[in-house]
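The values are calculated or read from the model by the stated rules, or taken from the named source; none is laboratory data. Being a predicted model, the structure only gives us computed values, none of them experimental. Neighbour counts run over all protein chains shown; Cβ positions are idealised from the backbone, glycine included.
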Amino acid sequence: MEELTHLHLTINAKIKNMGNVPKKRAESIVRDILEVADMKALGPLVWSDAADLDFPGQSFVQMITTSHCSLHLFSDTNEIYFDLYSCKDFNANEVINVLNSYFGLDEYHGMIYRRGNNHGIEISKIGRW
């Protein structure tokens, strides 16, 4: 049986002051992430402005054929929280480069969780802790 890898990337980052992320820009971000990760969208992007103005910003979720990616932007603190989970392997550094090109990651940290059907879980810390 071929090895099936599940990869989960999480990123918490301080970003350059950029204000809001309109839906069109979020669609561009997702398009570029899916391109470098060689993944396909499963339906339209779900995007929303913050309903709770104590935490202004935007959030999106994109279902993909192998799972999902999501991003939460907090415009008052210039932070993003990003998550990409897939049953297909991808290059996490290329995804981080896309995030950096859009947001200007001043600093970030995160985790890569890799698990497969023929071995246990491998956890790697990335960024500055």
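The set of residues from region 36-66 being in a loop (DSSP other than H, G, I, E, B) and either in contact (Cβ under 8 Å) with a residue 40 or more places away in the chain or in contact with a Ser or Thr (Cβ under 6 Å, 6 or more places away or on another chain) (or both) comprises Asp38, Met39, Lys40, Leu42, Pro56, Thr66. Under the condition of being of a type in the set (Lys, Arg) and within 17 Å of Phe82 (Cα to Cα), which residue from region 108-129 is surrounded by the most Cβ atoms within 10 Å (Cβ to Cβ)? If we take residues in region 108-129 being of a type in the set (Lys, Arg) and within 17 Å of Phe82 (Cα to Cα), then Arg114 is surrounded by the most Cβ atoms within 10 Å (Cβ to Cβ). Ile11 meets the conditions (1) within 17 Å of Asp106 (Cα to Cα); (2) hydrophobic (A, V, I, L, M, F, W, C); (3) surrounded by fewer than 17 Cβ atoms within 10 Å (Cβ to Cβ); (4) touching a residue at least 40 places away in the same chain (Cβ under 8 Å) in every case but one. The failed one is (3). Considering only region 33-47, I want to know if a residue exists there that is modelled with pLDDT under 95, aromatic (Phe, Trp, Tyr) and in contact with a Lys or Arg (Cβ under 8 Å, 6 or more places away or on another chain). The answer is yes, given that some residue of region 33-47 is modelled with pLDDT under 95, aromatic (Phe, Trp, Tyr) and in contact with a Lys or Arg (Cβ under 8 Å, 6 or more places away or on another chain).
Within region 1-11, if we keep just the residues that are part of a strand (DSSP E or B) and over 24 Å from Phe74 (Cβ atoms), the residue that is nearest to the chain's Cα centre (by Cα) turns out to be Leu7.
A single member of Ser70, Ser75, Ser59, Ser86 is among the hydroxyl-bearing types (Ser, Thr, Tyr), surrounded by 13 or more Cβ atoms within 10 Å (Cβ to Cβ) and at pLDDT 95 or above, and it is Ser70. Looking only at residues in region 12-35 that are assigned to a strand (DSSP E or B) and under 12 Å from the mean Cα position of the chain (by Cα), the one that is nearest to Phe103 (Cα to Cα) is Ala13. Note on region 72-90: among residues that are part of a strand (DSSP E or B) and within 16 Å of Ser48 (Cα to Cα), the one that is nearest to the chain's Cα centre (by Cα) is Phe82. Mind listing whichever residues of region 14-36 are out of contact with any helix residue (DSSP H, G or I) (no Cβ under 6 Å at 6 or more places or on another chain), surrounded by 15 or more Cβ atoms within 10 Å (Cβ to Cβ) and under 16 Å from His68 (Cα atoms)? Once the filter is applied, which keeps residues that are out of contact with any helix residue (DSSP H, G or I) (no Cβ under 6 Å at 6 or more places or on another chain), surrounded by 15 or more Cβ atoms within 10 Å (Cβ to Cβ) and under 16 Å from His68 (Cα atoms), region 14-36 yields Ala26, Glu27, Val30, Leu34.
What are the residues in region 36-57 that are under 18 Å from Val98 (Cα atoms) and of a type outside the set (A, V, I, L, M, F, W, C), if any? Matches in region 36-57: Asp38, Lys40.
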